[in-house]
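To start, the structure itself, in structure tokens.
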Amino acid sequence: MHGAAQSPNAVLNLAPLRLELNGTANSTVLRITNPSDYEVAVQVRLFGWTQEGGEDRYAPSQDVSISPAITSIGPGQVQFFRLLRTSD
């Protein structure tokens, strides 16, 4: 497209790579860092995972919630996301 600005590819660093709520833990934190020189919009969606017949199955999760679910992370900034257990 003539005259349209091209968006650079987003690069984000996530830690930890695996979140678990074991035992009595009701929350945990995900940290996303934007090492780029531009702002990046982020939306986090949660899915439950199961295996049936050797196939991975994903479905939207009602057992946990995350906050914030939608935000922007500025250049060189860090955003923390809190994952909360919403059911037993």
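Annotations for the structure displayed:
- Solvent-accessible area, 1.4 Å probe, carbon plus sulfur percent, for the chain: 48
- Ranking VAL42, THR28, GLN77 by Cα position along the charge dipole of the chain, where only Lys, Arg, Asp and Glu carry charges on their C-beta atoms, puts GLN77 farthest toward the positive end.
- For VAL42, distant residues with modelled amide H under 5 Å away: THR71, SER72, ILE73
- Sparse-neighbour loop sites [GluC sites (Glu not before Pro); region 15-60; at most 15 other C-beta within 10 Å; DSSP]: GLU20, GLU39
- R0 of 22 Å, Cβ-Cβ distance VAL29-ARG57: FRET efficiency to nearest 0.05: 0.25
- Rg to Rh quotient for region 10-83, alpha carbon positions, Kirkwood Rh: 1.03
- Based on protein heavy atoms only, the chain ends up with 77 Å² per residue of surface accessible to a 1.4 Å probe.
The values are calculated or read from the model by the stated rules, or taken from the named source; none is laboratory data. What you are looking at is a predicted structure, and each value in this text was computed from that prediction instead of being measured. No Cβ is skipped: glycine too gets one built from the backbone with ideal geometry, and neighbour counts run over all protein chains shown. With ligands, DNA and RNA removed, areas are computed over all heavy atoms of the protein, side chains included. Shrake-Rupley method; radii C 1.70, N 1.55, O 1.52, S 1.80 Å.
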